[in-house]
Amino acid sequence: MVKPTGILCNPNIISEIEMPQTAAIVTTLKNPGPSLDSFIRYHLEIGFSNLFLFFDDPGDPSIARARKYPNVVVIKNDARLRRSWQKTHIATTNPYLYEFRKSEVSLRQELNVEIALQLALQKNVDWLLHIDCDELFYPFQETVPAHFQSLSDRRIENVIYANYEGIPETLDIDDYFREVTLFKKNFSMFPELFLSRQQTRVTKGIPQLPNRLFLFYADGKSAARLTNRLLPDGVHRFKAKQPQRSRDLSKPARQGISPSICKNAAILHYPCCGFGNFWRKYKTLGSFADKWFNQIDIAESIGSFHQESRDIVLRNRKMKAREFYKRRVVIDKKSVIKLLIDNGVACRIKEPFTRLNRAR
């Protein structure tokens, strides 16, 4: 089990609230593939009360699978949802940004989070976590209700979780949640952590590891305690319409909406784990632009891998794409894996793998 370097959230505090805190997940997804069932079953099993799944393709065949599960709310990207978008804070306060809703999936995610906030409030959910369908929430030691109760007890209302990035050890993977256990640690989230000279030497000698270590984002994901003032702040954060103030001066003031980094849970990210999943992802994404919102350079933000993957799949030469994927993503040499683990760059996290395969 991963040992965090510090703990912001104390699970041993005895809560004054009789009922434990509830938490839900919101996800926007499209053509999720064979891992959808594991995503749903895992999160329901560890204690999330609801999953709000926004299917970007209203005809997605995965919708029927998702609807079989209790406490899963399926919302399709149809005319009804798009009418709801028009009433969101984003649409009414930033019409320029709202115009990108068709071309930018990240904006649709943000719009869907706004809708999910209202759905969760109606169901009396206490917390909302926003993650993608290729991610798992991983509490190191607690259950989900206990974890969010500990945050509430400490009057924390907005929390950031570091994401660990999965490393595929073989070319062909079906359900990555049941097969991947090796992860890159996140060094960019914590000021007290950094790559040592030895770790830097190790990573520079491995072609699958770019200079920034991660192939995709490294700035974590967030959860927030629900209020009618809560709003999404991009796809990674939450914010409030205005600072929250306590009217009862006899009670300690809650910490504001400013986020805290929590070190006793993480987001496990399984991006492109398995060539089939890699191929399906970039076929689904298609010919996207080099800049988000015509302004933010993707390569400068997260590195060039995302665009290189787009280009290799657009050529529609599967064997060349497999060679690219194996060369740039897969780490299958045991000596290299041991080197990464021994030097603290990577770690094994087996609990989700074990839980899902035991349930199977």
Counting sequence-distant residues (5 or more places) and residues on other chains, those with an amide H built under 5 Å from that of residue 265 are 140
Take the cross-link list 87/291; 76/102; 184/241; 221/338; 283/350 and give me the ones stretching past 24 Å between alpha-carbons. 87/291; 184/241; 221/338; 283/350
Treating only Lys and Arg (+1) and Asp and Glu (-1) as charged, each at its beta carbon, one finds that the chain has a dipole about its Cα centre, in Debye to the nearest 20, of 460
Got a sec to turn the phi values of region 154-169 into Karplus ³J(HN,Hα) couplings, 6.51 cos²θ - 1.76 cosθ + 1.60 with θ = phi - 60°, whole Hz, x for Gly and Pro? 8, 6, 9, 10, 8, 9, 10, 10, 5, 9, 9, 9, x, 10, x, 9
Based on the Cβ-Cβ distance of residue 318 and residue 296, what FRET efficiency does E = 1/(1 + (r/R0)^6) give at R0 = 30 Å, to the nearest 0.05? 0.45
What FRET efficiency, computed as 1/(1 + (r/R0)^6) with R0 = 45 Å and r the Cβ-Cβ distance, is obtained for residue 216 and residue 19, rounded to the nearest 0.05? 0.75
Using Cα positions and a limit of under 13 Å, work out the aspartates and glutamates in reach of residue 320, with same-chain residues fewer than 8 apart set aside. 308, 311
Treat every Asp and Glu Cβ in region 54-161 as -1 and every Lys and Arg Cβ as +1, leave all other atoms uncharged, and give the resulting dipole magnitude about the Cα centre to the nearest 20 debye. 520
Pairs of alpha-carbon atoms within less than 8 angstrom and 6+ residues apart define the contacts here; what relative contact order does region 64-196 have, in percent? 11
Within the chain, longest stretch clear of exposed GluC sites (Glu not before Pro) (DSSP loop, no more than 10 other Cβ within 10 Å): 19-191
Count the DSSP beta bridges whose two residues both fall in the chain, then state the antiparallel fraction as a percent rounded to the nearest 5. 50
On average over all directions, what projected area in square nanometres does the chain have, based on the convex hull of its Cα atoms? 18.9
Below 8 Å between Cα atoms, with a sequence gap of 6+, how large is the relative contact order for the chain in percent? 24
Could you tell me what percent of the accessible area of the chain is made up of carbon and sulfur, with a 1.4 Å probe and every protein chain present? 49
Output wanted: per-residue J couplings in Hz (rounded whole) for region 65-78, from phi through Karplus 6.51 cos²θ - 1.76 cosθ + 1.60, θ = phi - 60°, x for Gly and Pro. 5, 5, 6, 6, 9, x, 6, 10, 9, 9, 10, 9, 6, 10
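The values are calculated or read from the model by the stated rules, or taken from the named source; none is laboratory data. Owing to the predicted nature of the structure, the values given are computational and were not obtained by experimental measurement. Counting neighbours? That spans all protein chains shown, and the Cβs are built from the backbone with ideal geometry, glycine included. The accessibility values were calculated without ligands, DNA or RNA, using every heavy atom of the protein model including side chains. Shrake-Rupley method; radii C 1.70, N 1.55, O 1.52, S 1.80 Å.
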